[in-house]
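J.: Can you read through this structure? Questions will come right after.
Every read-out reported here was derived from the displayed coordinates using simple, explicitly stated rules and does not represent laboratory data. Not measured: the values here are computed from a predicted model. So basically every Cβ, Gly included, is an ideal-geometry build from the backbone, and we count neighbours across all protein chains shown.
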Amino acid sequence: MTTDWDASLVEIRSERLRLKLFTAADAEEVFTAITPAITRFMQWEAPRSAAEFAKVWRSWLAPIVDGSDLHFVVRSLADHRCLGLVGLHAAKTQCPELGIWIREDSQGRGIGGEAVAAVAEWAIEHLDPECFEYPVAEMNIASRKVAESLGGSVVGSRSNAKYTAVVYRIPNRLR
């Protein structure tokens, strides 16, 4: 599968959101939004410093450019504030993996579902996957509702050091 788009030009818009691929210019604002509460249901922990986070985000840049692993910064259309990230991991495979986190003060407003749906719709148009996988901590009810709202059904489970996850399969036709 080849990439027929320029990563620097990718922009996705939804009713309330604008999503663009992560760049170094986003690092400080993304870092300040990551908290221990955000990472409670994630495999990784909140970075303790901007320097520690820099090691992480620098590893994202080459895969973003080659289209293999994409991190979209979610911003409010109203005020351009960073609200979180949506990941489209293993983007060039037949069943890429979706993931999301939304900053604490913006949760519970449907932003996560709107952002994941926007990225999935973009991927369907540009990458033509057969489906998506969406692993989510078993106890993360809000994120499970996102997968279910997109027509996802549980197809398996995974365990890591922090939690057990259920894996949803989401069809390439949403809702």
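J.: Listed residues GLY99, GLY84, GLY152; which is within 18 Å of ARG13 (Cβ to Cβ) and surrounded by 14 or more Cβ atoms within 10 Å (Cβ to Cβ)?
T.: Numbers: GLY99 fails: within 18 Å of ARG13 (Cβ to Cβ); GLY152 fails: within 18 Å of ARG13 (Cβ to Cβ).
Of GLY99, GLY84, GLY152, the one residue that is within 18 Å of ARG13 (Cβ to Cβ) and surrounded by 14 or more Cβ atoms within 10 Å (Cβ to Cβ) is GLY84.
J.: Something else about it: Quick check on this structure: which one of SER59, SER153, SER76, SER149 is more than 20 Å from ARG40 (Cα to Cα), touching a Phe, Trp or Tyr at 6+ places or on another chain (Cβ under 7 Å) and among the polar types (S, T, N, Q)? Spell out how you get there, then give the answer.
T.: Details: SER59 fails: touching a Phe, Trp or Tyr at 6+ places or on another chain (Cβ under 7 Å); SER76 fails: touching a Phe, Trp or Tyr at 6+ places or on another chain (Cβ under 7 Å); SER149 fails: touching a Phe, Trp or Tyr at 6+ places or on another chain (Cβ under 7 Å).
From the options SER59, SER153, SER76, SER149, the qualifying one is SER153.
J.: Between SER59, SER8, which is closer than 27 Å to VAL167 by Cβ and in a helix (DSSP H, G or I)? Steps first, answer last, please.
T.: Numbers: SER8 fails: closer than 27 Å to VAL167 by Cβ.
Answer to the selection: SER59.
J.: Among the residues of the stretch 79-112, write down those that are in contact with a His (Cβ under 7 Å, 6 or more places away or on another chain) and not charged (D, E, K, R). Talk me through it step by step, then tell me what you get.
T.: Here is the first cut: in the stretch 79-112, the ones in contact with a His (Cβ under 7 Å, 6 or more places away or on another chain) are 85, 87, 96-97, 99.
Scanning the stretch 79-112 gives LEU85, GLY87, PRO96, GLY99.
J.: Given the condition more than 22 Å from LEU127 (Cα to Cα), of a type in the set (A, V, I, L, M) and surrounded by fewer than 15 Cβ atoms within 10 Å (Cβ to Cβ), answer yes or no: does some residue in the stretch 25-44 qualify?
T.: Residues of the stretch 25-44 that are more than 22 Å from LEU127 (Cα to Cα), as a first pass: 25-44.
If we keep only those that are of a type in the set (A, V, I, L, M) as well, we get 25, 27, 30, 33-34, 37-38, 42.
Checking which are surrounded by fewer than 15 Cβ atoms within 10 Å (Cβ to Cβ) leaves us with 25, 37.
Yes - at least one qualifying residue is present in the stretch 25-44.
J.: Which ones in the stretch 116-169 are within 14 Å of the chain's Cα centre (by Cα) and assigned to a strand (DSSP E or B)?
T.: PHE132, GLU133, TYR134, PRO135, VAL136
J.: From PHE53, PHE22, grab the single residue that is touching a residue at least 12 places away in the same chain (Cβ under 8 Å) and in contact with a Pro (Cβ under 8 Å, 6 or more places away or on another chain). Walk me through it before giving the result.
T.: On the way: PHE22 fails: in contact with a Pro (Cβ under 8 Å, 6 or more places away or on another chain).
Just a single option satisfies the conditions, and that option is PHE53.
J.: Enumerate the pairs (first residue in the stretch 104-128 and closer than 18 Å to GLU148 by Cβ; second residue anywhere and part of a helix (DSSP H, G or I)) with beta-carbon separation below 6 Å, excluding pairs fewer than 6 apart on the same chain, so at least 6 apart or on different chains.
T.: Between residues of the stretch 104-128 that are closer than 18 Å to GLU148 by Cβ and residues that are part of a helix (DSSP H, G or I), the close pairs are GLY112/VAL146; GLY113/VAL146; GLY113/SER149; VAL116/VAL146.
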